[in-house]
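Have a look at the structure below before the remarks.
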Amino acid sequence: MSLVEPEIHVKQCDITTLDCDAIVNAANKSLLGGGGVDGAIHRAAGPELLNECRTLNGCKTGEAKITKGYRLPAKYVIHTVGPIYSGSDTDERLLAACYRNSLDLAKENNLHSIAFPAISTGVYGYPLAEATEVAVKTVKEWLNRNNDYAMDITFCCFDKRTSDIYNHELKRMRL
Ligand code: AR6
């Protein structure tokens, strides 16, 4: 078993411009589009994405489903549904499940690069610092458990405040 060095990047950009195997969509349970990053992904991918999403019968909070990327530079879109922040213990469990299930799905499909937006931290109201801690911790745990599989991970941050918080958290976790 060969061990591979984990690759984690923080980029401040629009996720729809990223040319990786999969980008992750912070969707809602219908998987039929919405605002924020979901709206941007559907606009950039084109109407074929919505057509494929209609066949998926939605998605539960914390779970993930995969579609093709259509007109996006990314080959696939992994749609996951973050929790609507409630301040209860389930928030962290469900947010961690989004990252873990997205990574598991990417691996099942033999994908080796993935970009995540800051799931739940927009419309769904999850405080950014707390959500970042969950994202980084969960990704780190996943990489440790899958250290024989090459996976390049990008945290795609839409603004500087988000990328500063991610960089700070990665430093704190020594990644
Ligand atoms: N590229 C990267 N990140 C982005 C982009 C983009 N193009 N656009 C926004 N963000 P949100 P949520 C960031 O609200 O909180 C939708 O209507 C944004 O700045 O998109 O999980 C869905 O349909 C923030 O940091 O997702 C759901 O109903 C992060 O992406 C609901 O919103 C997440 O913000 C999901 O809410």
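Numbers for the structure displayed
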read-out: Qualifying residue in region 54-61 (condition: in a strand (DSSP E or B), aliphatic (A, V, I, L, M), at pLDDT 95 or above and open to solvent by 10 Å² or more (accessible area, probe 1.4 Å)); value: no
read-out: Subset of region 141-160 [outside any loop (DSSP other than H, G, I, E, B) and touching a strand residue (DSSP E or B) at 6+ places or on another chain (Cβ under 8 Å)]; value: Leu143, Asp152, Ile153, Thr154, Phe155, Cys156, Cys157, Lys160
read-out: Criterion: buried (at least 21 other Cβ atoms within 10 Å of the Cβ) and more than 7 Å from the ligand (Cβ to nearest atom) - qualifying residue of Ala45, Ala26; value: Ala45
read-out: Within region 94-120, tally of residues that are part of a helix (DSSP H, G or I) and among the aliphatic types (A, V, I, L, M); value: 7
read-out: Region 29-42, subset in a loop (DSSP other than H, G, I, E, B) and open to solvent by 40 Å² or more (accessible area, probe 1.4 Å), residue farthest from Ile84 (Cα to Cα); value: Leu32
read-out: Test: residue in region 129-138 that is at pLDDT 95 or above, more than 13 Å from the ligand (Cβ to nearest atom) and assigned to a loop (DSSP other than H, G, I, E, B); value: no
read-out: Complete set of residues in region 66-77 that are open to solvent by 30 Å² or more (accessible area, probe 1.4 Å) and either within 14 Å of the ligand (Cβ to nearest atom) or assigned to a loop (DSSP other than H, G, I, E, B) (or both); value: Tyr70, Arg71, Pro73, Lys75
read-out: Selection within region 14-23 - open to solvent by 30 Å² or more (accessible area, probe 1.4 Å) and out of contact with any helix residue (DSSP H, G or I) (no Cβ under 9 Å at 6 or more places or on another chain); value: Asp19
read-out: Pair list, Cβ < 8 Å and 6+ apart or interchain, from region 11-34 residues that are free of Cβ contacts under 8 Å to residues at least 40 places away in the same chain to residues that are among the polar types (S, T, N, Q) and outside any loop (DSSP other than H, G, I, E, B); value: none
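Conditions tested, residue by residue: (1) under 15 Å from the mean Cα position of the chain (by Cα); (2) farther than 19 Å from Thr132 by Cα.
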{"position": "Gly58", "(1), (2)": "no, yes"}
{"position": "Glu63", "(1), (2)": "yes, no"}
{"position": "Leu72", "(1), (2)": "no, yes"}
{"position": "Tyr76", "(1), (2)": "yes, yes"}
{"position": "Ile84", "(1), (2)": "no, no"}
{"position": "Ala96", "(1), (2)": "yes, no"}
{"position": "Leu103", "(1), (2)": "yes, no"}
{"position": "Ala106", "(1), (2)": "yes, yes"}
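The values are calculated or read from the model by the stated rules, or taken from the named source; none is laboratory data. These numbers come from a predicted model, not from an experiment. All Cβ positions, even for glycine, are placed from backbone atoms using ideal geometry, and neighbour counts span all protein chains on display. What goes into the accessible areas is simple: the full protein's heavy atoms, side chains included, and nothing from ligands, DNA or RNA. Shrake-Rupley method; radii C 1.70, N 1.55, O 1.52, S 1.80 Å.
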